[in-house]
Amino acid sequence: MSRRERRERERAEAAARGEAHPPGAHPPAADSSPAGPSEPGIASAGSAGSGAPAAGGPSAAPPGAPAGGASGRPMIRRAARTEPAVPGYPRTAPEAHGSGPGVHGRGAQGFPPQGQPPTAGLPTQQMQVQPGAAQQWPPHAAPAQQTAAQHEHASAAAGGARRTRRERGKPEREPLGPVRATVRTFGELCITAGLVLILFVVWQLWWTDIAANRDNEVLADQLVTEWRDNPANELPDDPDTPVVGEPVAENTAFGIMYVPRFGEDYYRTIAEGVSMEPVLNRMGLGRYPTSAMPGEVGNFSMAGHRVTYGKPLNQIHQLRPGDEIVVQTAEGFYTYTFRNFEIVLPDATDVLSAVPTMPEYKGKDRIMTLTACNPMFSARERYIAYAELSDWQPAAEGAPDSIKDFPAYDRVGGDA
Amino acid sequence: MYGLIWRLLPGPWIVKLILALILIAAAVYLLMEYVFPEIAPYMPFNDATVEEGG
C-alpha cells in the first residue's frame with residue numbers, strides 16, 4: 001500500500017518535473033494500444049492499473065478524448081474524483097467510451113499530431129478546444145496536470161500521515177495550558193500521595209510483621225546456638241534460689257519468652273533496652289534497663305508491641321490468672337505465673353517499681369511486668385500484665401514440663 | 001507528570017513498560033526500606049508500647 005503510494009508519488013513528481021515527459025509518455029500508451037488492438041480495454045487497464053493512475057491518467061487525459069477511448073473508463077473515474085473542476089473530461093470521455101472500438105482504433109493509429117476530431121456528436125466548442133489542447137498541450141496542460149498531481153500527492157501524503165499516526169495510536173498532543181497542566185499535575189500528585197499512604201499502611205500492618213518474625217527466628221536460633229556452645233554450669237547454693245544472670249549490653253538479645261496462652265508456636269526473643277530501633281521493632285520484647293533481671297528480686301519489666309512489628313504482646317489481654325510465662329536464658333528457665341492486669345496512663349512509670357504502683361516500698365517478690373499499648377493502634381493507655389515467679393530450673397535440667405512438649409520450644413530451644 | 005515520565009522513557013512501549021515497572025519497584029523499595037521506618041515512630045499507634053519516664 002505504502003509502496004504503491006510512494007511509486008505513485010514518484011511518478012507524479014517526475015511528471016510534474018519534466019514537462020516534456022507527458023508527451024513522451026504518450027507513445028508508450030499509444031504503442032501499447034496498437035500492440036494489442038484486439039484488447040484495448042485490457043491494455044488500458046494494465047497501464048492504468050500498473051500503478052500510474054495519478055500520473056498516467058491525467059497525462060493521458062487530454063488526448064484521451066481523441067485517442068484513448070481505451071483508457072477512457074479508468075481515466076474518468078480518476079478525473080472525476082481528483083479533478084472535478086476540469087470540464088472537458090467527463091463529457092468527452094463517456095462519449096468516447098460510447099464509441100469504444102472506433103475511437104480506440106483512431107487513437108491507435110493517428111493520435112498525436114492531428115488531434116483527430118471526434119466524429120461523434122461532440123459540441124463544436126469542445127472540438128475546437130480539443131485540438132488546440134492537443135497542439136499546445138505540453139505548456140498548457142502541464143500546470144493543470146501538475147496541480148492535479150500535487151493535489152493527489154498532498155491528499156495521499158495527508159492520508160498516509162493520518163493513517164500512520166492512527167496506527168501508532170499516538171495522537172499529536174496539544175500542549176496543555178498552564179491551568180490544565182497545573183490541575184493535572186496536582187491530581188497526579190494527589191493520587192500518588194494516596195498510593196503512598198496505602199503502601200505505608202500495607203507496610204506497617206503487614207510487612208513489619210513479616211520482617212520482625214523473620215528477625216525473631218534468626219535471633220532465637222543465634223541465642224540457642226550460643227547457649228548450646230557455652231553451657232552455664234554454675235549451680236545455686238540453694239536449689240530454690242534462681243540464678244540471676246548479668247545484664248547484657250543494650251540492644252543485645254539475652255532470652256526467649258514462651259507463653260502457651262499466646263499459641264503453640266509462640267516464642268519471642270528478649271533484648272536489653274526499650275528503644276524502638278532496634279529492640280522493639282526488630283528484636284521482640286525489650287527489658288527496661290532499670291528493672292530487675294529474670295529471677296531477680298524486684299520487678300523484671302518488659303515492653304513489646306501489641307500491633308505491628310511481629311506484635312509480641314498482641315494477645316496480652318488473653319492472659320488468665322494462672323497462665324504460665326516461661327523465660328529462657330543462658331542460666332535456665334524462669335516460670336512466671338500471671339496474676340492480674342491493669343490499664344494505666346502512659347506516664348504511670350510506677351508499674352515498673354519493685355512493688356508495682358508503690359515505688360516507696362522495697363519488695364521481696366520476684367515480679368514480672370509486661371507493658372503494651374492499650375487500645376490497639378492507640379497510644380492513649382498502657383496495658384500492664386503482672387506475673388510472679390513460680391518456678392525455676394537451671395539450664396542443665398532442661399525445660400520445665402509446661403513447655404517441654406511445646407512446639408515452639410521444640411523448634412527453637414528443644415535441643416539446647 | 002506520569003505522561004512526562006512515560007515520554008522520557010526510551011524505546012518501544014514494551015521497554016517503556018519494563019522500565020516503568022522497574023522505577024515503581026525502586027520507589028516501593030526505597031519507601032519501605034528507608035522512608036517508612038523513618039516516619040513510623042511519629043505514628044500515634046507505634047510509640048505505645050513503651051512506658052515513658054515522664
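Taking segment A:251-269 as the range and being more than 14 Å from chain B (Cβ to nearest Cβ) and either polar (S, T, N, Q) or closer than 26 Å to B:P44 by Cβ (or both) as the test, the residues that pass are A:N251, A:T252, A:F262, A:T269. Restricting attention to segment A:362-415, the residues being within 14 Å of chain B (Cβ to nearest Cβ), surrounded by fewer than 15 Cβ atoms within 10 Å (Cβ to Cβ) and in contact with a Pro (Cβ under 9 Å, 6 or more places away or on another chain) number 2. For the residues A:L219, A:L223, A:L205, A:L199, the requirement of being farther than 20 Å from A:R287 by Cβ and surrounded by 17 or more Cβ atoms within 10 Å (Cβ to Cβ) singles out A:L199.
Restricting segment A:176-199 to residues that are small (G, A, S) and farther than 11 Å from B:M1 by Cα, which is nearest to the other protein chains (Cβ to nearest Cβ)? Result: A:A193. Of the residues A:E277, A:E331, the single one that is at negative phi and either surrounded by fewer than 18 Cβ atoms within 10 Å (Cβ to Cβ) or free of Cβ contacts under 8 Å to residues at least 24 places away in the same chain (or both) is A:E277.
Of all residues in segment A:288-307, those being within 14 Å of chain B (Cβ to nearest Cβ), in a loop (DSSP other than H, G, I, E, B) and surrounded by fewer than 24 Cβ atoms within 10 Å (Cβ to Cβ) number 5. Might you let me know whether segment A:315-329 holds any residue that is among the hydrophobic types (A, V, I, L, M, F, W, C), within 14 Å of chain B (Cβ to nearest Cβ) and over 26 Å from A:V224 (Cα atoms)? No, because not a single residue in segment A:315-329 is among the hydrophobic types (A, V, I, L, M, F, W, C), within 14 Å of chain B (Cβ to nearest Cβ) and over 26 Å from A:V224 (Cα atoms).
None of the figures in this text is laboratory data; all of them are computed from the coordinates on show. Model, not experiment: these values are computed from the prediction. Quick reminder, even Gly has a Cβ in these numbers, built from the backbone with ideal geometry, and neighbours come from all protein chains shown.
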